[in-house]
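Participant: First the structure, then my questions, so here it is.
The values are calculated or read from the model by the stated rules, or taken from the named source; none is laboratory data. Given the structure is predicted, the values throughout are model-derived calculations rather than measurements. All Cβ positions, glycine included, derive from the backbone under ideal geometry; neighbour counts span all protein chains shown.
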């Protein structure tokens, strides 16, 4: 019979192997195998927020946004204040075109970001700006990128997202100055 320590060790090793496959750290970048590994891990710890979050990431990689949303909702059920989990929920909702729900989740996520979640801030600001841009709220998207850069000044991701919006804003301003002709 397996001891609790052995079970925990097997659970962690299985998740690590799935993460490596998903990240392409192994020879075969195989999301299908990663999915099977996460399912095995969940059979050991069905209440694991991190395993359900990884399950969401696997389904997103496989292009199954509905399954990804179901998985992330399970993760939130077990840890409703996990900033990483809320971030993934927002990303999936955005992929599904549910932008209003995505923005609500992002705002909720910002409330739960802890000091050890600092790595997440860059992605969170970027996701919020992309959602705002997708729904035509470009001025707010620019402001979000700029706020993100104040918190994460070295972020190439935020700089890259902001640049095209600034160029578009500059073109619009130039068009207005030229009397509206193009």
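Participant: Look through 94, 173, 100 and report the one residue that is assigned to a helix (DSSP H, G or I), modelled with pLDDT of 95 or more and exposed (fewer than 12 other Cβ atoms within 10 Å of the Cβ).
Facilitator: On inspection, the qualifying residue turns out to be 100.
Participant: OK, next. Could you count how many residues in the range 15-72 are under 17 Å from residue 95 (Cβ atoms), in contact (Cβ under 8 Å) with a residue 24 or more places away in the chain and not in a helix (DSSP H, G or I)?
Facilitator: Of the residues in that region, 1 qualify.
Participant: Further question: Residue 135 fails exactly one of the following numbered conditions: (1) modelled with pLDDT under 95; (2) in contact with a helix residue (DSSP H, G or I) (Cβ under 9 Å, 6 or more places away or on another chain). What is the number of that condition?
Facilitator: It fails just one condition, (1).
Participant: Identify the residue in the range 73-83 that is out of contact with any helix residue (DSSP H, G or I) (no Cβ under 6 Å at 6 or more places or on another chain) and outside any loop (DSSP other than H, G, I, E, B) and, among all such residues, is farthest from residue 48 (Cα to Cα). Step through it out loud before you land on a result.
Facilitator: As a first pass, look at the range 73-83 and keep what is out of contact with any helix residue (DSSP H, G or I) (no Cβ under 6 Å at 6 or more places or on another chain): 73, 77, 80.
Now narrow it down to the ones that are outside any loop (DSSP other than H, G, I, E, B): 73, 77.
Working: 73: 12, 77: 10 Å.
If we take residues in the range 73-83 being out of contact with any helix residue (DSSP H, G or I) (no Cβ under 6 Å at 6 or more places or on another chain) and outside any loop (DSSP other than H, G, I, E, B), then 73 is farthest from residue 48 (Cα to Cα).
Participant: When you go through (1) more than 19 Å from residue 52 (Cβ to Cβ); (2) surrounded by fewer than 20 Cβ atoms within 10 Å (Cβ to Cβ); (3) in contact (Cβ under 8 Å) with a residue 12 or more places away in the chain one by one for residue 125, which number turns out not to apply?
Facilitator: (2)
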